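Values in this text are rule-based calculations from the coordinates and carry no lab data. It should be emphasised that the depicted structure is a prediction, and the values quoted were computed from it without experimental measurement. All Cβ positions, even for glycine, are placed from backbone atoms using ideal geometry, and neighbour counts span all protein chains on display.
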Amino acid sequence: MITIYLLSGLRESAGTHELRISHQGTVSALLKNLCGRHGPAFSGIVFPCGEAAGRNPFLKILVDGADIQDADPELSGDETIFLFLPIAGG
């Protein structure tokens with residue numbers, strides 16, 4: 001099982017801060033799966049210009065503690081993933 005922790009606006013749009021799902025495949029496939037489960041508000045954060053335009057460049061994805069940036073690694077199905085948008089202020 002993959003454990004996914006949702007922070008910031010993703011938590012509010014999904015209605016939870018933690019998910020456990022069975023998934024093997026790429027991170028992109030996982031994100032599309034999550035968007036299908038959690039609807040347009042969640043999708044609008046992950047893919048603000050639609051799936052074809054790619055994921056939000058500000059979305060941080062940590063897989064087992066490593067920031068994957070623009071990579072799309074294969075997941076084995078037992079990872080811990082954090083999804084969040086960094087918050088800045090001044």
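Worth a mention:
- Where N is the number of residues in the range 1-62, Cα Rg divided by 2.2 N^0.38 Å: 1.03
- Net lengthening on full extension, residue 53/residue 41 (0.36 nm per residue, minus Cα-Cα): 2.6 nm
- For the chain, the relative contact order works out to 40 percent when only alpha carbon pairs closer than 8 Å and six or more residues apart are counted.
- Burial ordering of 13, 8, fewest other beta-carbon atoms within 10 Å first: 8, 13
- Selected from 16, 29, 68, residue furthest toward positive end of dipole (the chain; charges at beta carbon): 16
- For residue 25, nonlocal amide neighbours, meaning residues 5 or more places apart or on other chains whose placed amide H falls under 5 Å from its own, are 75.
- Of the trypsin sites (Lys or Arg not before Pro) found in the chain, none is in coil by DSSP with at most 12 other Cβ atoms within 10 Å of its Cβ.
- Assuming charge only on the beta carbon of Lys and Arg (+1) and of Asp and Glu (-1), the dipole of the chain about its Cα centre is about 320 debye to the nearest 20.
- Working note: 222 nm ellipticity from helices only, DSSP H runs with n ≥ 4, each -39,500 (n - 2.57), summed and divided by the residues of the chain, gives -9000 deg cm²/dmol to the nearest 500.
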